[in-house]
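Undergrad: Dumping the structure here so I can ask a few things about it.
Read the figures in this text as sums done on the coordinates, not as results from a lab. What you see is a predicted model, and the numbers here were worked out from it, not measured in a lab. Note that each Cβ is placed from the backbone with ideal geometry, even for glycine, and that neighbours are counted across all protein chains shown.
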Amino acid sequence: MTKTPAPDELDPENFGALFATVQRSASHLELRDAYTPDDPLFLRWLEGGITPDDIAEHEHEWARIVRVTVARGVEMRRARVVSEPLAPFTRFEYDGAGALNQAAGEQVRWLPRRNASDLCLPGNDFWLLDGRLVRFGHFSGVGDYLGAELATDPAVVKHCARAFEAVWDRAIPHDEYRPR
């Protein structure tokens, strides 16, 4: 049996290694309307040059990580709190969610921001792994990726778990969500 690395031994930038440690659940809360504005795939999508299947094909490494993780029996959930009408990058994510995220095994839900006003949410996007570890992602105001950090403080983990479940309970499954 392989020993699970301690959080201080993990690299928050290495998703493959990070998700290899997950045994039960991985939940992702996204709170921003824009990410990586210079992403070549997103720029091609803006020009109308790609389809949802193209998005899935180009994001194959993430799909591989999801498939391998889900195959071990891990439940992977992604909830997005979004402004409506959707910002261009969020629409890009919406267009690819079925062919990429769901096809690989992630469950995806959407919560219009107007329905989240009474929720106490963290200031940053995060992954909650097995209810024991949080990976926060940091972005600039325009969505440039700035880095990540891991947190194991029980109070932080508990806050993120509650926030995710509150959003998940209200959010609309991808196949039912009709963005404005």
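Undergrad: Going by average Cβ neighbours within 10 Å, how do the peptides 154-166, 43-55, 125-137 rank, with the highest at the top?
TA: 125-137, 154-166, 43-55
Undergrad: Using the Karplus curve 6.51 cos²θ - 1.76 cosθ + 1.60 with θ = phi - 60°, what ³J(HN,Hα) values do you get for each residue of region 123-130, in whole Hz, with x for Gly and Pro?
TA: x, 9, 4, 7, 10, 10, 10, 6
Undergrad: Quick one: compute the contact order of region 21-173, relative version, from alpha carbon pairs under 8 angstrom and 6+ residues apart, as a percent.
TA: Contact order relative to length: 31 percent.
Undergrad: May I ask what percent, to the nearest 5, of DSSP beta bridges between residues of region 21-173 are antiparallel?
TA: 60
Undergrad: Moving on to the next point. May I ask which residue of 87, 147, 107 lies farthest towards the positive end of the charge dipole of the chain, with charges of +1 (Lys, Arg) and -1 (Asp, Glu) on Cβ and the Cα centre as origin?
TA: Farthest along the dipole direction, towards plus: 107.
Undergrad: Sticking with this one: Counting helices only, and only those DSSP H runs with n ≥ 4, report the 222 nm mean residue ellipticity of the chain as the sum of -39,500 (n - 2.57) divided by its residues, in deg cm²/dmol to the nearest 500.
TA: After summing the helix terms and dividing by the residues of the chain, the value is -9500 deg cm²/dmol.
Undergrad: Next question. Can you tell me how region 1-75 classifies by the Cα gyration tensor, rounded, prolate or oblate, using a/c under 1.5 as the rounded cut?
TA: Prolate, since a/c reaches 1.5 and a/b exceeds b/c.
Undergrad: Karplus couplings for region 164-180 from phi (6.51 cos²θ - 1.76 cosθ + 1.60, θ = phi - 60°), rounded to Hz, Gly and Pro as x?
TA: Using θ = phi - 60°, the values come out as 4, 4, 5, 5, 4, 4, 8, 5, 9, x, 3, 5, 9, 6, 10, x, 9 Hz.
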